[in-house]
Amino acid sequence: MTASTNSPAWPRRLCGSFPTDPWTVGTLIIAALVAAPIISVLLLATSPSDGIWHHLVSTVLPRYIQTTIILMIGVGICTATIGIGTAWLVTLCNFPGKRIFEWALLLPLAIPTYVVAYVYTDILEFAGPVQEILRDFFGWKSGSDYWFPEIRSLGGAIAMMTLALYPYLYLLTRIAFLQQSASLLEACRILGRGPWRAFFQVALPLARPSVVVGVSLVLMETLNDFGTVDFFSIETLTAGIYDVWLNMNNAAGAAQLATVSLAFVLTLMGIERYSRRKQKYFQTISKFQSISNFPLTRGKSFLAFFSCLLPIVLGFLIPAGVLLVYATQFYEESLSANFMLYARNSLVLSSLSAGLAALLGLFIAYGVRLSGNWILLAAARFASIGYAIPGAVLAVGVITPLSRADTALNNFTESIFGISTGLLLSGTIIAITYGYLVRFLALSYGTAEAGLSKITSNMDGAARTLGMSPTKTLIRVHFPILKGSILTAAILVFVDTMKELPMTLLLRPFNYGTLATHVHQFASDELLEESALGALAIVAAGILPVILLSATIRNTRPRHDSHERTTP
Amino acid sequence: MKRIGLLLLYSLSLLVSSERGVLNPGVAEAGGEVNLYSYRQPFLINPILRKFTQNTGIKVNVMFADKGILEKIKATPGAADAVLTSDIASLNNLTEARVLQPVKSTTLEKNIPAPYRHPEGFWYGLTMRARVLFVSKGRVKPGEVTSYEDLTKPRLRGRICTRSGKHVYNISLFASIIAHKGEAFTRRWLKGLKANLARKPSGNDRAQAKAIYTGQCDIGIANTYYMGKMQTNEKKATQKKWAASIRIVFPNQNDRGTHVNVSGGAITKRARNLVNAIKLLEFLSGDYAQKLYAGQNFEYPLKTGVAVHPLVKSWGEFKADGISLATVAKHRKTASKLVDLTDFNNFKKSSRN
């Protein structure tokens, strides 16, 4: 990874000939590889779709769109409130239990959304224990005697997704708060602002890039979810995509619907970028002495304590507890001979993908920053929208370019060496790993980009003036500052790939299983209890990195009073 | 960077050390094996596949997935030789996409009755289940409901539960009504059924039994085998109670018969292990497999003369709709559109009256 260092102006702009340095070319190649499946979905959308649009527009499409918008707004607002609120509390306020909340607030990340939905439906539906107890207690006979919120509803889906997804926002905003200079907040307090105004006028605007990345990740995840909306019979765009694809046997129509939902995401992103087109968010002051936390009164401590406790109890302890109970009763069914093999497969796949995604995400984010070229930025953004496409649709998008590449590779090796490679790419775990990268690059690229955006370009300038190459600048200057962001990226991808299902199912080789596919075979036959051990193993595998992540994040705050090395 | 590097190294080393097959596609080898894509869950098919390997020495490589198998076959033709499906929908979609080849086999034709296989041999049904009514033993009098058509009667207002109208099992049922009675009738029927619902269509088939047990509704639409799965559930004894609170009504016994659906098998157009793939389908249609494959999931064997599981037998004999499933499948698209047109899934209690 060497780079041409004698570029006169930095950052470079697109003028005259297109830059051909390794960073630019590398970024474009990675972006193109990752974008290939997305493009193949778009291409599929151009084939004729049997007049499906007339039917959709005149019947269900308006409702699909309306439901999707309400779901996204609901999940967006709820996750932002919980995620940012708890991040602010544990980072800048003093109250009992704060040290534990710092990491425990991340735990719901480890539980797949559909598992949360299954568990709560069991508990809260008409036949569940909660309503049964209420009926017994008040002597109600039937459902018409009382009112109870229906869990299988749009509101229920918003609640389930909020519980499962708020940690993304918590995580990213917390890093942003930690990296903010204490002196800004102190200045704000000295000038007579209360903690609320310090939060709304200084800390939150400064954290905006991270909040935006967090919210867009949550919204994309909400948009592509099928497990929960299907279970609750909520008619979103994604549910519509599957309906057109599988019930109407119309893949082209499904791809067209997917394109509409992508346009949705791109528009949202565009509006956000436009609204802060003239703003930059650098941390220019380097005083990072420990933030003087806001002391809370007794009553407020109590409130803060419960605000942090509630999402953990609802999003982690209850679902994990129910899984644990099931797992102890049904471990024989799920502990098949292959269980350990599946666990190993999951770990291998997830760590491989996490490492690759973190490196590629950083590479692209830095490539875009170096060139300052809009084409690169556009390519990188496009490559990361795979996250918004429903997994099974994206998986189909992955197969097509891979099988083409297989044919080409096969023809090449046969003509030169006389060896047939068969389906080396699409028939092996290369396919899944590639699929994961396509789907989850948004996580690692977004996190790296948010981290880089907070480093002023003067740093690059200084390093380059002192004779460092771009690569050296990245390793010696940026990396120590970005360590937290990069690790965050890797762990987010790790945890997400552990849970990933539709792509894993379709892209895996013969006779190959992971914990997620093991869970699915039972869950898809309505056997949640039998799948509990596998689900619990996914949760367990996710917890350790999540705790590790939290510890690392706390240490990312640059300290002047410590003797820690500041270079890697 | 170091940590990530270590992580990568670690996973790569595990990868290299793991057994053959992970980086080896295993499809280029000829003879002695058959590559299978399956819509059916591994725990349902593995015991029977093991037996096939024992009997024939043919190794079966399996990949299970519930969506996208069709597209995967299109993109990598020849990677799989055979497909097992869990219902008629995917058999029909595969046939329409022209990724299958017709199979002529006297064994298969002898074992599987004509309505349950494709006329040209593009697919063969292997097990059968009926889409019946689960009715409350206490609250539904014998003879009160005897047909699908009865479900729209005003006296059943607010008493019916079902899973999503878009679920493949319901779509096939609706398609069969279109096939017999036409589109206009089915649209009215769906409206009438919607008006009689007790709650928004949701949950799975077992959830309908649970709702009847708890008194939320009196009648549910469900597949027969769920009854068996609940009746034999030792670990979740509450499910036995659900099952005990209901009885099965086989609709339309006085006219066309109850709607049935099949799980089935087919062979891909570019199958490389054609002979083995046909052997597998023939094995699955034979006495031994029919009994085991159907019995395990409380389904009905298709081969005549094969004993039905005693529990399944206890639900009573019934007359199955004799219409060709290939014909029913042709109406699935229309059925799906009718669910949209009647806004079936968008049921609200307040909007009923």
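Just so you know, all these numbers are worked out from the coordinates, no wet-lab data involved. Values in this document were obtained by computation on a predicted structure and should not be read as measured data. Cβ coordinates were reconstructed from backbone atoms using ideal geometry, including for glycine residues, and neighbour counts include every protein chain displayed.
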Given a Förster distance of 51 angstrom, what is the FRET efficiency for residue A:43 paired with residue A:298, based on the Cβ-Cβ distance and rounded to 0.05? 0.25
Run the reach check for residue A:454 against lysines, Cα to Cα strictly under 16 Å, same-chain hits fewer than 8 apart removed. What comes back? A:278, A:280, A:287, A:483
Debye log10 I(q)/I(0) at q = 0.20 Å⁻¹ for the stretch B:153-223, Cα point scatterers: -0.82
Residue B:241: which lysines have alpha carbons under 22 Å from its alpha carbon, excluding same-chain residues fewer than 8 sequence positions away? A:141, B:137, B:141, B:210, B:229, B:313
Taking a ≥ b ≥ c as the square roots of the Cα gyration tensor eigenvalues, with a/c under 1.5 meaning rounded and otherwise prolate when a/b beats b/c or oblate if not, the stretch A:219-259 comes out oblate
Not counting the cut sites, what is the longest span of chain A without chymotrypsin sites (Phe, Trp or Tyr not before Pro) that DSSP labels loop and that have at most 14 other Cβ atoms within 10 Å? A:418-568
Suppose R0 equals 51 Å. What FRET efficiency, 1/(1 + (r/R0)^6) with r the Cβ-Cβ distance, do residue A:273 and residue B:183 give to the nearest 0.05? 0.60
Kirkwood Rh over alpha-carbon pairs of the protein assembly as shown plugged into Stokes-Einstein at 37 °C, 0.692 mPa s gives a D in µm²/s of 112 µm²/s
Return the aspartates and glutamates within reach of residue B:59: Cα separation strictly under 13 angstrom, same-chain partners fewer than 8 residues apart disregarded; answer none if there are no such residues. B:29, B:33, B:81
So, in nm, how far is label residue B:253 from label residue A:412 when the simple model puts each one 7 Å beyond its Cα toward the Cβ? 6.7 nm
Compute the long axis of helix B:2-17 from its Cα atoms, compare it with the longest principal axis of the Cα atoms of chain B, and write down the angle in degrees, 0 to 90, nearest 10. 80 degrees
If each residue's Cβ is checked for other Cβ atoms within 10 Å, how do A:50, B:340 rank with the fewest at the top? A:50, B:340
Chain B - charge dipole about Cα centre, Lys and Arg +1 at Cβ, Asp and Glu -1, debye rounded to 20: 1380 debye
